[in-house]
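The values are calculated or read from the model by the stated rules, or taken from the named source; none is laboratory data. Being a predicted model, the structure only gives us computed values, none of them experimental. Note that we place each Cβ from the backbone using ideal geometry, even for glycine, and neighbour counts take in every protein chain shown.
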Amino acid sequence: MSILEIRNLKKSYLAPDGEISHVVDVPHFALEAGQQIALQGSSGSGKTTLLNLIAGILQADEGEIILAGESLSSLSEAKRDLVRAKHIGYVFQTFNLLQNYTAIENVELGMMFGPGVDSGFARSLLEEVGLKDRLDYRPRQLSVGQQQRVAMARAMANRPNLVLADEPTGNLDRTHARSALALIRQLCRENNAALLLVSHDHDVLGQFERVEQLSSINRAACDSGTEEEVRS
Amino acid sequence: MSALVKMGGVGKLFFIVIRSLRQHALSTLVTVISVALGTGLLMAVFSIQAQSYRAFTGGPIGYDAVLGARGSQLQLVLNTVFHLETSPGNLPWSMYSAIKSDPRVELAIPYAVGDNYHGFRIVGTSDDIFTGYEYQRGHKFQVQPGGRVFNSTAREAVIGSFVAQKTGLKVGSIFNPYHGVYFDEKMKHDDQYTITGVLEPTNTPSDRVIWIPIDGMFRMSGHVLRGSGKTYQAKAGEAIPDESKEVSSVMLKFRSPQVGFTMDQTINKQGKVATLAWPIGKVMADLFDKIGWINKIMAFVAYLVVVVAAASILASIYNSMNERRREFAILRALGARRGTVFSVIVLEAASIAALGSVCGFFVYAAILEAGSLIIRAQTGVVLDIFQFHPVMIAGPVGMTLLGALSGVVPALKAYRTDVATNLTPSS
């Protein structure tokens, strides 16, 4: 059963020079429950936009995203927010932890807009990622690797059906990157969550059984400029 | 965290707001102080106005009217009830005798003024002031333990509690009065008076008065009496003829309210010799009406400070919006709705205003304490910090609502935060 299905998804931006740049054009893509797929994409291939569309952060121009049986396209922004909180865990390259919250508060914050705060589960998640004695540390008091582990625990906080990971090891050295990747894959397996990871790092991609080229899914990835160039 | 979050929606918002306030502790503190000053000033202005008005127009006066020389009713009331201003002139003793024997009059107490001790007014009067006069219904002057009222034929004095506190005079102390209502050390009388009693505090202007027998005032060295039209100087051991005596005023209490109306007709409208200040509250209310513009200016300034405080909330939160765009984007990415982010900012502004309003009570207490000291020293009227005034509810509630309103502009900015653009660090 597909936890995620994308049909004829299109997203474009108006470039500063007035031209329309197509960033995402995905005819079809599906992800089964518990499945783990890595998408290989270079900078500007539309990977962040694709993940933001799946997360409901961005609204598609055309097409359909069906997440856990619900079509995001037909939902209002507020309902998309709720679906995101309930079904999606998001791991960012820059972690996006809130600096004025402790590690456990960051995880609990991830629960706050979903089904509800479960402090015991938040604690056990942080214990599982090896931060048992860092629960009350603020992000700036943690190493980069520890911050990424907090971000992973937060992504799992609502027992999501789908975890989106956007270059999750981009800010880590090779040793930490490998252990972080192993950890996120293990967490997804334990929680029966599908994992969709995008990266351009061959070392990361090499650890996945299924790797797909983003350009083979996203027709716009071949002919657009860099994503950052377009959006700026 | 759990306790707040388990409260539900508002609890979640407070959880986020508290962390934000903590993160911006310095600007929060400065803004809270400015709100506290605004709210405290507003409450103090209205409370002082209301309490002063009540004290001067309907407070514990204990008299219905004042009979004095022909002139200003206001001057007469200020001079006799509040022991301010100078006396408009004197009345012959016969007028006092006549009104005292009037069956419609319950109480007539003569006042003779014109001397002071270090600025505190000395009032010559009869011992009715201690036996018949009630400064408040059911409350007569009480001499503190160890003292007694003066002997009407001796050079003795009873002093108000504020006089005792400020001058250090106590039972057994001897003092020389000074001529005039304002202190001038060159105007010292030779006569010496002994304190026989200190009155219990009444929280009225009487606390600032030194009471001596009226005969003592007649016989004070250097005083002359002109009750008969001719100058008369009292001599020791010799009775003073009634026709020579004169009083500054007669304090009156009527047996029924209609008496005041009748006497107003006969003394003020038909007579030409004396003035009846009646009703005392109305005389003072007229004064407050005349100086009402001062109250309006004070209230305007207080409102202005409140508006500035609200603007400071807006400025402090608005200025933090740029650095907080990523925070809002992260919250949104975690599933927070636009409305949640909007509410967080409005609640944050309202919380700052509410905190400031609570602190405003300390500012209010400080202003009222300082104002109370000044007003008591100048007039004897005592302000009560704990006296309730509706502004004590309306002020903090209004300030909190105004604070919430000032949060709307930055909240709209937070509401419009683009999630995708702001999820990556700007630097």
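Looking only at the stretch B:317-331, filter to residues that are hydrophobic (A, V, I, L, M, F, W, C) and buried (at least 20 other Cβ atoms within 10 Å of the Cβ); which one of those is nearest to the other protein chains (Cβ to nearest Cβ)?
Here the answer is B:Ile330.
For the stretch A:30-74, give me each residue that is surrounded by fewer than 16 Cβ atoms within 10 Å (Cβ to Cβ) and within 15 Å of B:Val419 (Cβ to Cβ).
A:Gln59
Right, B:Leu41: surrounded by 22 or more Cβ atoms within 10 Å (Cβ to Cβ) and touching a strand residue (DSSP E or B) at 6+ places or on another chain (Cβ under 6 Å) or not?
So B:Leu41 does not fit the description; no.
Looking at (1) within 13 Å of another protein chain (Cβ to nearest Cβ); (2) surrounded by fewer than 20 Cβ atoms within 10 Å (Cβ to Cβ), can you tell me which one B:Ala394 breaks?
Going through the list (1) within 13 Å of another protein chain (Cβ to nearest Cβ); (2) surrounded by fewer than 20 Cβ atoms within 10 Å (Cβ to Cβ), B:Ala394 breaks only (1).
To keep it simple, each residue is scored yes or no on (1) in a helix (DSSP H, G or I); (2) within 14 Å of chain B (Cβ to nearest Cβ); (3) hydroxyl-bearing (Ser, Thr, Tyr); (4) under 18 Å from A:Ile3 (Cα atoms).
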site	(1), (2), (3), (4)
A:Ala60	no, yes, no, no
A:Ser73	yes, no, yes, yes
A:Gly89	no, yes, no, yes
A:Gly116	no, yes, no, no
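Give me the residue from the stretch B:332-341 that is part of a helix (DSSP H, G or I) and more than 15 Å from A:Thr94 (Cα to Cα) and, out of that set, farthest from the other protein chains (Cβ to nearest Cβ).
The extreme case among them is B:Val341.
Which condition from (1) in a loop (DSSP other than H, G, I, E, B); (2) of a type outside the set (A, V, I, L, M); (3) surrounded by fewer than 17 Cβ atoms within 10 Å (Cβ to Cβ) is the one that A:Arg7 breaks?
Evaluating A:Arg7 over (1) in a loop (DSSP other than H, G, I, E, B); (2) of a type outside the set (A, V, I, L, M); (3) surrounded by fewer than 17 Cβ atoms within 10 Å (Cβ to Cβ) leaves (1) as the failure.
Just give me the residues in the stretch B:233-262 being farther than 17 Å from B:Pro110 by Cβ and either at pLDDT 90 or above or in contact with a strand residue (DSSP E or B) (Cβ under 7 Å, 6 or more places away or on another chain) (or both), in sequence order.
B:Arg255, B:Ser256, B:Gln258, B:Val259, B:Gly260, B:Phe261, B:Thr262, listed by residue number.
Give the stretch A:118-141 a look and list any residue that's of a type in the set (Lys, Arg), closer than 21 Å to A:Ala85 by Cβ and away from chain B (no Cβ under 12 Å), or say none.
Listed by number, the list is empty, since nothing qualifies.
Inspect the stretch B:295-316 for any residue being more than 14 Å from chain A (Cβ to nearest Cβ), within 30 Å of B:Val66 (Cβ to Cβ), touching a residue at least 12 places away in the same chain (Cβ under 8 Å) and in contact with an Asp or Glu (Cβ under 8 Å, 6 or more places away or on another chain) and give the result as yes or no.
No - not one qualifying residue is present in the stretch B:295-316.
Here are the criteria: (1) closer than 28 Å to B:Gly11 by Cβ; (2) assigned to a helix (DSSP H, G or I); (3) among the small types (Gly, Ala, Ser). Tell me which single one B:Ala299 does not satisfy.
(1)
Take the residues in the stretch A:75-87 that are farther than 18 Å from A:Ala194 by Cβ and crowded, with 22+ Cβ neighbours inside 10 Å, then tell me which one is farthest from the other protein chains (Cβ to nearest Cβ).
Ranking the candidates gives A:Arg80 first.
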